[in-house]
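Notes for the one structure printed next.
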Amino acid sequence: MANVFAKKNLVLKHGKGAVVWDINGKEYVDCTGSYGVALLGHCHPKVVAAICEQAPKLISCHASFYNDKRSEFLQKLIAIAPKGLNKAFLSNSGAEAVECAIKLARKFTGKPEIIAMMGAFHGKTMGALSATWDKKYREPFQPLVPEIKHVPPDNLDKLREAITEKTAAVLAEPVRGEGGIRVPPEGFLKGLREICDEKHVLLMFDEVQTGFGRTGKLFACEHAGIVPDVMCLAKPVAGGLPIGVTLAKENVMSSLKLGEHSTTFSGSPLVCAAGCAAIDALVEEKLAERAAENGKYFKAKLEQLQQKHLIVKEVRGLGLMLGMELKYDVLNVILKAKERGILILDAGRNVLRFLPPLVISKEQIDEVIAVLDGVLGEEENARASGTPSN
Ligand SMILES: Cc1ncc(COP(=O)(O)O)c(C=O)c1O
């Protein structure tokens, strides 16, 4: 495999709920959730059953043919989507969902310019990468797609100034994930909607990480009581199988004409069967509510650690999308936590990121907190005695 993933030196063999096991049978509480994919919990029984039931029937079916599972999935998806987002393009990843959104914005408006946020992450294919902010991802691949520019986040005045006659759309994550788990200030998302309406540009939300209950609502835009014109989804939508979804208002999606966008795997029956089961589980198990409740519990516990450990700078997040910013590099904390059975992600150099399955229990959260308490204490002592390991 290409050497582009920073390997964790761990061979995972199976998983259930919020727990994964390595090849030696060692157990880990998984706060990475496969980068937010395993939102329902690993190997959710409904998803497993749906895959097993569909696989012998029909696995692939090009979107130029109709398919029963694809139409069932689309109906379920539109039923839970924010009102008005009633047309979907199905693809295979978050970056692809964003690619489609960028093309859609240009096609619908006839204008070239997309405004994204500094600190944003939208994926690494050329279009999505052009909207991603971090220069370590962008610089080796110049020139990128033209007319995609960035404005400071959380600043409505700067955004208003940046919109020109050429602007087609504003693209934003409702909570920036990879950019450090940054929740925008109260009123910001509503302000975005108002400015986009006033200036007649599209508002496009990338809910690849925030969507599907992660933040305590089915979609993060619901916290602000607004609906974007275009919404990108991916990660957990098919219960762990690869999927990307670009949702749009009907008039916006209708601007794409025959052949102007496609992908061979769009809405395969196997993926759609898993997607149907994933939506059923999400709704029936009230996982968004669970994320809200357990997210509050988890965040409060992280805040207690902040009170206790001076190396913790800030705790942020919404629902079960949580971040803890340290004053130093987090790598050592992540490695030590892994040795003690807890898997945690980073979000930049200084931020610990928690994207656990929404089925994580309070007891499992307590386990995570106990390990983190110990590791943070050791890091603090090491720094105090001048022997930090990074
Ligand atoms: C907000 C956001 N958008 C897009 C992407 C890209 O998704 P993928 O890795 O499936 O291409 C990610 C991935 O982490 C993401 O967090």
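Brief remarks on what is shown
- Computed [θ] at 222 nm, helices only, for the chain once each DSSP H run of length n ≥ 4 contributes -39500 (n - 2.57): -11500 deg cm²/dmol
- Principal axes of the chain: Cα extent on each, largest first, Å: 64, 55, 40
- By the count of neighbouring beta-carbon atoms within 10 Å, fewest first, I243, I344 end up ordered I344, I243.
- Given 14 as the ceiling on other Cβ atoms within 10 Å, longest exposed-site-free region of the chain for chymotrypsin sites (Phe, Trp or Tyr not before Pro) in DSSP loops: 67-390
- Along region 200-209 the Karplus relation, 6.51 cos²θ - 1.76 cosθ + 1.60 evaluated at θ = phi - 60°, assigns HN-Hα couplings of 6, 10, 6, 9, 10, 9, 8, 9, 4, 9 Hz to successive residues, with x for each Gly and Pro.
- Diffusion coefficient of region 117-208 by Stokes-Einstein, Kirkwood radius over Cα pairs, 20 °C, 1.002 mPa s: 158 µm²/s.
A short reminder: the numbers here are calculations on the coordinates, not readings from a lab. From a predicted model like this one, the values you see are computed outputs, not experimental measurements. Cβ sites come from the backbone with ideal geometry, for glycine too, and all protein chains shown count toward neighbours.
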